[in-house]
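Reading through the structure tokens given below for one structure.
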Amino acid sequence: MNASEKSTSQLVLASLLRCPYCGFEKSESMPTDACQYFYECTNCHRLLRPTPGNCCVFCSFGTVKCPPVQLQRGCCG
């Protein structure tokens, strides 16, 4: 198994997103092939966007960074 295969097999594909407005937390699956730029909180219905310097809502508000960042490939874009 090469280093790339080992890294891919250790990816975490779920993250607990926490709304910065109301504090509601929900576990969500992360896409492996694209960034998620917008996320609507299921509690307060506010639209979350990445904070400056982050590529997606998972990198900004999640407990686990997005798959490209986990693989040290940088941002999704």
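Kirkwood Rh, segment 3-68, all Cα pairs: how many Å?
One decimal place: 12.3 Å for the Kirkwood radius.
I want to check the label-to-label distance for Ser9 and Arg49. Put each point 7 Å from Cα in the C-beta direction and report it in nm to one decimal.
Modelled inter-label distance: 4.1 nm.
Any read-out appearing in this document is the output of simple, stated calculations on the displayed coordinates, not a laboratory observation. What you see is a predicted model; the values in this text were computed from it and never measured. When we count neighbours, we look across all protein chains shown, and the Cβ atoms used for this are built from the backbone with ideal geometry, even at glycine.
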